[in-house]
Amino acid sequence: MSNKTRPDHERDVCAILDRQVTTMDSSVEDKLTRMRLKALAVQRPSKSRPLMNTAKYAPVLSVLIFASILFLSQEPMEEAVIVMPISMVLPDSGNNANIPVPTEDIAMLEDMEFVLWLASNEAEL
Amino acid sequence: MDESSVNKPNEISLNVFLMAVEKKAYNMALISTGNREEALDIVQDAMFKFATHYADKATEQWKPLFYRIVQNLIMDWHRKQKVRRIMTFWREEDSTPEPWLASLNDCPETILCKHQKSNATLSILHELPVKQQQCFLLRAWEGLSVKETARAMNCSEGTIKTHFSRASAKLKQCIEAMNE
């Protein structure tokens, strides 16, 4: 709003307000300066925000890590797999290790088992 | 901490901006609250909030944004005072008022008239409804446009015009009555 178009009473009020600013108490001015510099100091580290955020949330993070370690340590462990005797695992161990088991024998055993089953079924009938 | 510690370009411009507005903002808060410490608290909060959240905005937006923070803090203060008055209705006000709110007859005789007029004008401003008062200060004293004032006070441009004309009329009436 320009001074020319402004009514007299508004100009008077503004003049009084301006006078109040120019004759401001020096203690108030000092306090305002200190506040301003503090505000600027708060604004300054904003560029290193990720680091600041890490520092800010460090207590929360440490509590979370501690809680997760505690939770994991209390979780029931999976039952251990029974370890096979080493003699059964290694091909060259045991008395008959070098004798290969023929696949035909297994087929013949299966056939015999089937025949026996049929025979027992017939006997029941 | 001294002023020389402010060195980066953005900080320098922010420092200059805050230097330009801090005294007016303080006076606005002082007129509204009538208490020096409360006014300083409001300005401090406004500076911190502005520096923390809005310093990266375009510089032409700074003034309305800063005054919006100040206005919000002033309105919050009034709301809290209202609640406090309701909760402690049996207690007397214990804060000491600003000199211009106290008796107008205490001044030395030589400066009595000028001082009285200033004090009386500030008292009239203080007595205005908060929105009219702040609207007048932002428009007439700080020189914000209707649009900027509307943005700062978070209301429509029509409302700003109404508040301003009512405040101006009331001030005119009181000042004329005082001069008679």
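The values are calculated or read from the model by the stated rules, or taken from the named source; none is laboratory data. Note that this is a predicted model, so its numbers are computed, not measured. Methodologically, a virtual Cβ is constructed for each residue, glycine included, from the backbone with ideal geometry; neighbour enumeration extends over all protein chains shown. Quick note on the areas: whole protein, heavy atoms, side chains included, nothing else; ligands and nucleic acids left out. Shrake-Rupley method; radii C 1.70, N 1.55, O 1.52, S 1.80 Å.
Take each residue in A:16-22, count the other chain C-beta atoms within 10 Å of its C-beta, and the mean is 6. On the basis of the beta-carbon distance and an R0 of 45 Å, B:Phe89 and A:Ala58 show a calculated FRET efficiency of 0.45. Projected label points at A:Glu104 and A:Ala41, each 7 Å from Cα along the beta carbon direction, are separated by 9.6 nanometres. Maximal additional length on extending the B:Met178-B:Thr162 stretch stands at 3.3 nm, based on 0.36 nm per residue less the C-alpha distance.
Each residue was assigned an accessible area with a 1.4 Å probe, and for B:Phe50 the value is about 0 Å². Rolled with a 1.4 Å probe across the full set of protein chains, the surface gives A:Arg11 an accessible area near 100 Å².
Its Cα gyration tensor gives the stretch A:1-41 an equivalent ellipsoid, and the semi-axes of that ellipsoid, as √(5λ) in whole Å with the largest first, are 31, 13, 5. Residue ranges B:169-177, B:39-47, B:134-142 sort as B:134-142, B:39-47, B:169-177 when ordered by packing (mean number of other C-beta atoms within 10 Å per residue, highest first).
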